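Colleague: Once you've had a glance at the structure underneath, I'll fire off some questions.
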Amino acid sequence: MRRWEKALLAFDRVLGTGEPPSRLELAAARHPVRVGVTSGTVTAVLIAELLSGFDDPVILFQATLTGAGFGLLAWAACRSTRWLHAYYMRTGRYGEARQKAMRAKPLSWRAMILRMLGAWVVASGVFWLIAPYQDIPRGWLWSPAFGAGLMAISCVTTWLMQKVSR
């Protein structure tokens, strides 16, 4: 087995649900090109709309490149998921994966803090880049504050979803 396949299986064992895939996940895995093209197009149009770049060819080109990159990532994720589903169906390991997922240790506090710090940095950068094109203040204090607000909303949403699912 190739190293990337082993890495994908290890990743799925730790973070995956271990349950058979939902209908939406199966449909996405069966049509990876459609998912990639659709998600890339929607991303490009939303970025161009957000930056008001339909009149500016440079912003439109950047939005197109970003959408194409996101579409390629979505395509690659769907292809990997398709391979993972086929592997689990071939080996009959959905039950085994479910048990291993139940026994997997949750992420440590250090890993959670690093993950949140990384997401906060990305969100702050996005706010800093978008601010000149939108009606929000731009600065080294405002962008991290907006990023922190977005992270707080994300954490509360995740906590509520976990509380409801119990």
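The values are calculated or read from the model by the stated rules, or taken from the named source; none is laboratory data. Nothing here was measured: the structure is a model prediction, and the numbers come from that model. Using ideal geometry, Cβ is built from the backbone for each residue, glycine included, and neighbour counts are taken over all protein chains shown. SASA here: full protein model, heavy atoms, side chains in, ligands and nucleic acids out. Shrake-Rupley method; radii C 1.70, N 1.55, O 1.52, S 1.80 Å.
Colleague: Report those helices (runs of 4 or more DSSP H) wholly inside region 62-166 carrying at least 2 residues which are at pLDDT below 80, surrounded by 11 or more Cβ atoms within 10 Å (Cβ to Cβ) and more than 21 Å from the chain's Cα centre (by Cα).
Modeller: Once the helices (runs of 4 or more DSSP H) in region 62-166 are filtered for at least 2 residues that are at pLDDT below 80, surrounded by 11 or more Cβ atoms within 10 Å (Cβ to Cβ) and more than 21 Å from the chain's Cα centre (by Cα), what remains is 94-103.
Colleague: Report, by residue number, each residue of region 143-159 that is closer than 18 Å to Trp109 by Cα and polar (S, T, N, Q).
Modeller: Ser154, Thr158
Colleague: Here is a check on your reading of the model: is Leu51 open to solvent by less than 50 Å² (accessible area, probe 1.4 Å), more than 18 Å from the chain's Cα centre (by Cα), at pLDDT below 90 and under 30 Å from Val126 (Cα atoms)?
Modeller: yes
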